[in-house]
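These notes concern the structure reproduced below.
The values are calculated or read from the model by the stated rules, or taken from the named source; none is laboratory data. Remember, it's a predicted structure, so these values are computed and weren't measured experimentally. Here the Cβ positions follow ideal geometry from the backbone for every residue, glycine too, while neighbour counts run over all protein chains shown. Ligands, DNA and RNA are excluded from the accessible area calculation, which covers all protein heavy atoms including side chains. Shrake-Rupley method; radii C 1.70, N 1.55, O 1.52, S 1.80 Å.
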Number of protein chains: 2
Amino acid sequence: MRVALAQMHIIPGALEQNFSTMLAMIVEAKAQSADLIAFPEMCLSGYLLSDQWLDRSFCAELMAYNEKVRLASDGIAIAFGSAFVDDHINERLEDNHPHPNKDGRTRMYNAVIIVQNGEYAKRAANTDLLPEGVQPKTLLPNYRFFDDERYFFSLQSVSQDHGIPLEKLAQPYLIEVSGGRTPVGFEVCEDLWCQDYRKDGRALNITRSLVHNGADLIVNISSSPWTYLKHDARDRRIRFLTEDMPESFVPFYYVNSVGPQNNGKNIVTFDGGTTVYNSNGEPALTSERFFAPDLLIADHSKISTLQVERKEFGKIEQKYHAIISGLRYLKDMLGWSEHPEFVVGLSGGIDSAVVVTLLTAALGKDAVWAVNMPSQYNSSSTRNVAKHIANQLGIEYLEFPIESLVNAHKPVFDKLDTQFDSPEWMKQLSDENIQAKIRGTSILSNIAGRYGRMFTNNGNKLEVALGYATLYGDVGGVIAPIADLTKAEVYDLARYLNRDIFKQEVIPESLFPNALFEFAEDAIAPSAELKHDQVDPIKFGYHCAMIEAFTSFKKINAVHMLNWFLEGTLEQNLGISADLIRRWGVDDAEVFVKDLNWFTGCIRKSVFKRIQAPPIIVTSTSAYGYDIRESQLPEISSGEHQALEQQVLARKNYWR
Amino acid sequence: MRVALAQMHIIPGALEQNFSTMLAMIVEAKAQSADLIAFPEMCLSGYLLSDQWLDRSFCAELMAYNEKVRLASDGIAIAFGSAFVDDHINERLEDNHPHPNKDGRTRMYNAVIIVQNGEYAKRAANTDLLPEGVQPKTLLPNYRFFDDERYFFSLQSVSQDHGIPLEKLAQPYLIEVSGGRTPVGFEVCEDLWCQDYRKDGRALNITRSLVHNGADLIVNISSSPWTYLKHDARDRRIRFLTEDMPESFVPFYYVNSVGPQNNGKNIVTFDGGTTVYNSNGEPALTSERFFAPDLLIADHSKISTLQVERKEFGKIEQKYHAIISGLRYLKDMLGWSEHPEFVVGLSGGIDSAVVVTLLTAALGKDAVWAVNMPSQYNSSSTRNVAKHIANQLGIEYLEFPIESLVNAHKPVFDKLDTQFDSPEWMKQLSDENIQAKIRGTSILSNIAGRYGRMFTNNGNKLEVALGYATLYGDVGGVIAPIADLTKAEVYDLARYLNRDIFKQEVIPESLFPNALFEFAEDAIAPSAELKHDQVDPIKFGYHCAMIEAFTSFKKINAVHMLNWFLEGTLEQNLGISADLIRRWGVDDAEVFVKDLNWFTGCIRKSVFKRIQAPPIIVTSTSAYGYDIRESQLPEISSGEHQALEQQVLARKNYWR
């Protein structure tokens, strides 16, 4: 038996295009004598469609495409991911009971659909509870940006509704292979990630049921987003399965999609990582194509003899590929035939330098205009850096001093200032924000609108988290390419772009700090340049490690930080050096506590800015937007926090 | 037995304040000789907290407050809603198996906690699977703005994990009443709305199990948002229960919260509606306080003799109360001791007129500044209207002509226009958007920032849906009070404000159209006033009905509309008059089809604006923000749609 795994590039919402891609891969699989071709989860429609799933005329159209795939299965078995609206359940069961979705609508599955020779494939043991050839996803993820329970009815729910054990419903399908019939177990994405789902005292391992019911091999069709070390995560899940069913594990065929998708507030990328595991759960065959489509052909009889060495690209290299694929996705997201063109505010600082360089790498130099918008507070050195970068990239470079627009704002507020009171610091802050808004709204957004371009948000994850940006100023834009990177990662990416992509100093070394984030005399430290001698209030490196921890799966918070200070484990837990702690003076208990309160306070108080911020390309395991969901909440004072804070302050210094 | 139902005002995140509120109500309940007091779901913490639920130091603090409530239960039984982190499950079960939440974290319940005389209450039949006195919610909603599966472990999942029938776990608690023990069944919110959840061939009716296990009465603690006709919806659910268990229904005590909560993109309001139903499922006793706290005392022995007539306020009156409560909530959301002060752009059109009037009604005239920002395109009549409204309300009125700021923008684009090509219509649109951005960003947002005020978004639901507003212009603001009202509702609300709230013509009648949305010669039709003779491209009344249908539970779409045209059922299905169809000329097939495509195209293409829009107060059953979740997607052409469109066009006219 030859199995083709179609690591397909999916365009969300583009049914016809996706169907064409499938047809081409089916032709290729047939040419390579495949008996079965497996496509990823939701390959016809895309997966992260939000409430498009509630539009039943869209779902009806998708059902029509399911039929088209069935008709294309002459001479081959096709397993593909799609939604299936079960509007014939009453006929099959010959009853008139209600069988609603949990939301009262018609029951809809996130399913793997299996067809062969124009027919829906048959289960090893039939059941009228489910349509022929349609196997619903058993485990529905509801974390990060996944909302499966909002839309789909699971195999678990089918089992529960009808009081039939789940194990009975987890049947393999009989695939015709050279005259015989091979039982193949099919499952969808999360069904593999079963460790934390429980049933009858153990993990809800649907793979085990499929094998128990006779499956010779398992095919898992996924749309599982890329994260750094995802190969490793997948391999560990397979190892878990082999340990959970040590006697009976069978070869496991995992196919995953490529091509970004979005949920409004995030662009989520998919890397592929299609892999065949042998019956020991070791990778036997894997796609070499990272973030790119591939057709992997596996000869089932030879799987046991194969082994493959995983190679994992470096962290920043992977994030580079994710961002580039995100930027190239905008065209598909908009349904355009060409990539959109961009205008980027290029200040001469590191963040905008990296964004303009990424855009040029993704879309070419003709697609990018850089705009420098100096005021009296901008140094000649940052302007020279901006010009240098634009020259190196060969992109259009425009300069608009903002002084005249700043002056035009003055009369409005001079008049009001005589009439109404306001503290001096608020007026100063307002004067700074006016400059940022002139740049973001008056100039960039209007250039974008007037010449059919898009403008970018150049903020990094620390700025997004802390709200160190101006709403209607630098918070705007249609996409935030580096808003899920810490400042340390932005520097790493800048170095990577120079060294590995452009192979020249596109981004001047004068922007780079040393390992402790110190800047030489003649270097350019980060500054918003909105007033004289301004420097960022951010403790680079240290705050970078903190925001990584705060947004990690562990959701580190101030209480953990205070405990680590008391235990003397800040270095280990944050993964930073003792020198970095000294460099920022946070070994002093008072500085540490004050900074921690400032840090958490800023994150809480800036939720209102993130609500109005553009979509972020996800490059971590927890990105602001819709991956992290936030209510606006008042400060929550915790008794434990207050007690720990007193202990930290009493200790005076971290090293003591 | 006397039961006190605490229709409590909950402030999300404010544990200490909520605990104080509870203590005061407990004192009052004791004074009224109550044996049991029941508080709403998540009354200590608030319910819509988004990923605050993943912060386990917050949850630990909440657990500490659970203990404080237990210690306050001397001489009374208290049932209250809270999260419960089950970190002692291994000790209870004397095992070392993993018992994770579905996300791998420690298991956490959305629970009703029952305490009496300083002790956790005992179940009628004990189980080690669950902590004493803690009854997890059985049904976890995952629609609209609810994400319960993301955070909580349900009673269903407990049953599944341990292979113990759910019915066994649905035990009443023994409440001590004058020496004896009364078995009371407790459940949480969604457990009542069980019609669409299925188990063993019928609705998963946990009330039935509780009664089967001996409960003499049921207490349901809810945090269930207000919608229009919510009383009716609740009564219908109770009727469903009585039909599902006709022999065994028992008196049902329903307590619900008041006080808005938010999920970032929406402000969700809670009306109370606390009700005791007798054993026939009829309302016996109900709170008269709408959107306000109340302590309802019910004598269980007399419930069967009571009956109450429901009174439902009018639709626009209810929406008025929801919006006012939303505006008054901002203080709590921010953790401020005072209400924030506002600055409102007052154009002289109906939308901003209604917003400024609502704000004044909610917060008083001293809290509101109105700002009129005329350009050459603004008529003197709209300026006079703005001035009139401000005078009537007695609020500060400021005028800032925007001409000088418009002129300051010219040099930037004059220069670029010589350098780069752009079609004339894009330049024209850009000139219009510049004006909107000057108003929203340059003036309003800067006044807000400089004088510590907030500014509002004045858009209505049609403008939000169609994207008829300028990003960084009128899309901005900290809150959108009327963005879930159709234009027809905005007019209704304006009339209501004049007639019932201010009892004078605060909003001039000259802004009001007739029943067909026609404007008299001397009246002021809606216009953005961004160019000469501009009128809104919106078919008022008709598009209002369409957006209501498109965002209803039924999710009407273009295919339905085309079918209704062919069937001749547009009036019935949209709830509009034949005259309104004639008035907009959509009885002509070509006009109808063109308008429909424009309407759906606008909704799709403006998702990017909503991503960056401020929070909306929810007043319908489906609001943009986070209630409706949207991905940016390309146009999806459906074969069915195209075929129907051809049929409609062939028919030429609707009446034929």
Can you work out the FRET efficiency for the pair residue A:567 and residue B:236, with r the C-beta to C-beta distance and R0 = 45 Å, to the nearest 0.05?
0.20
Residues of type lysines that residue B:122 reaches as a straight line, Cα spacing below 22 Å, ignoring anything fewer than 8 places off in the same chain
B:30, B:68, B:137, B:168
Can you give the charge dipole size of chain B about its Cα centre, rounded to the nearest 20 debye, using +1 on the beta carbon of Lys and Arg and -1 on the beta carbon of Asp and Glu?
220
Which of the listed residues, A:257, A:428, A:572, is farthest toward the dipole's positive end in chain A, when Lys, Arg count +1 and Asp, Glu count -1 at the beta-carbon?
A:428
Net charge over other residues, Cβ less than 10 angstrom from the Cβ of residue A:54 (K, R count +1; D, E count -1):
+3
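On a 1.4 Å probe surface of the protein chains, which of A:641, B:560 comes out largest in accessible area, and what is the full order? Present the calculation step by step, with values, prior to reporting the outcome.
Values: A:641 35, B:560 60 Å².
Greatest to least solvent exposure: B:560, A:641.
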Straight-line reach from residue B:315: which aspartates and glutamates have a Cα under 16 Å away, not including same-chain ones fewer than 8 places off?
B:232, B:271, B:484, B:489, B:492, B:500, B:548
Starting from a label point 7 Å past Cα on the Cβ side, list the distances from residue A:180 to the same position in the other copies, nm, shortest first.
7.2
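Percent antiparallel among DSSP beta bridges with both residues in the protein assembly as shown, to the nearest 5?
Details: 84 of 148 bridges.
Here the antiparallel bridges make up roughly 55 percent for the protein assembly as shown.
Note down the net charge around residue A:64, summing +1 for each Lys or Arg and -1 for each Asp or Glu among other residues with Cβ under 12 Å from its Cβ. Provide the component values of the computation, followed by the final result.
On the way: positive: A:68, A:70; negative: A:16, A:61, A:67, B:640.
Its environment carries a net charge of -2.
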Neighbouring partner chain Cβ atoms per residue of B:414-422, average, 10 Å criterion
3
Other protein chain Cβ atoms within 10 Å, averaged over every residue that makes up A:255-267
3
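What number, in nm² with one decimal, is the all-direction average of the projected area of the convex hull of the alpha-carbon atoms of the range A:2-312?
Numbers: hull surface 59.1 nm².
Averaged projected hull area, Cα only: 14.8 nm².
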Ignoring ligands and nucleic acids, chains A and B bury, in total, an accessible area (1.4 Å probe) to the nearest 100 Å² of about 9500
What span do the alpha-carbon atoms of chain B cover on each of the three principal axes, reported in whole Å from largest to smallest?
85, 59, 52
When ligands, DNA and RNA are left out and all protein chains stay put, how many square angstrom of accessible area per residue does the protein assembly as shown have with a 1.4 Å probe?
35
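Net charge within 14 Å of residue B:506 by Cβ-Cβ distance, Lys/Arg positive one each and Asp/Glu negative one each, not counting residue B:506 itself? Don't skip to the answer; put the middle values down first.
Numbers: positive: B:365, B:387, B:495, B:499, B:503; negative: B:500, B:505, B:509.
So the environment of residue B:506 carries a net charge of +2.
Count the lysine pairs in the range A:360-450 whose Cα atoms lie under 26 Å apart, taking only pairs 8 or more positions apart in sequence or on different chains. Please report the intermediate quantities before stating the final value.
Details: A:365/A:387; A:387/A:437; A:410/A:427; A:410/A:437; A:415/A:427; A:415/A:437; A:427/A:437.
Count of close lysine pairs: 7.
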Could you give, in nm with one decimal, how far residue B:164 is from each other copy of that position, shortest first, with labels 7 Å out from Cα toward Cβ?
2.9
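Treating the beta-carbon of each Lys and Arg as +1 and of each Asp and Glu as -1, no other charges, what is the dipole magnitude of the protein assembly as shown about its Cα centre, to the nearest 20 debye?
Values: 128 positive and 168 negative charges, 63 e Å.
For the protein assembly as shown, the charge dipole is close to 300 debye.
Pop out the carbon and sulfur fraction of the accessible area of the range B:321-651 as a percent, whole number, probe 1.4 Å. Each step should come with its number before you reach the end.
On the way: 6000 of 12030 Å².
C and S atoms contribute 50 percent here.
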Pull up all non-local amide H partners of residue B:400: gap of 5 or more, or a different chain, and H-to-H distance under 5 Å with H placed in the peptide plane.
B:372, B:373
Cα coordinate range in the range B:130-208, projected on the principal axes (Å, largest first):
44, 28, 23
List the distances, in nm and shortest first, from the label point of residue A:531 to the matching label points in every other copy, placing each point 7 Å from Cα along the Cα-to-Cβ direction.
4.2
Under 25 Å from the Cα of residue B:311, which lysines turn up, not counting those fewer than eight places away in the same chain?
B:230, B:302, B:319, B:503
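As a test of the formula, what do you get for chain B when each DSSP H run with n ≥ 4 contributes -39,500 (n - 2.57) and the sum is divided by the residue count, at 222 nm and rounded to the nearest 500 deg cm²/dmol? Kindly include the intermediate steps, with their values, before the conclusion.
Working: 23 runs with 241 residues, N = 656.
Roughly -11000 deg cm²/dmol at 222 nm, from the helical runs in chain B.
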Counting only other chains, and only Cβ atoms inside 10 Å, what mean value do you get across the residues of B:56-64?
5
Rounded to the nearest percent, how much of the accessible area of the range A:2-312 (1.4 Å probe, protein heavy atoms only) is carbon and sulfur?
47
Name all residues of the range B:613-643 having a backbone nitrogen under 16 Å from the label point set 7 Å from the Cα of residue A:87 along its Cα→Cβ direction, giving them as ranges.
B:638-643
Mind pulling the per residue volume of the convex hull built on the Cα atoms of the protein assembly as shown? Å³ is fine.
182
From the P(r) of the range A:321-651, can you give the percent of Cα pairs sitting at distances over 36 Å?
21
Where rotation carries A onto B, the chain A residue whose Cβ is nearest that axis, in whole Å
A:408, 2
In Å and on Cα atoms, what radius of gyration and Dmax does the range B:405-537 show?
17.7, 58
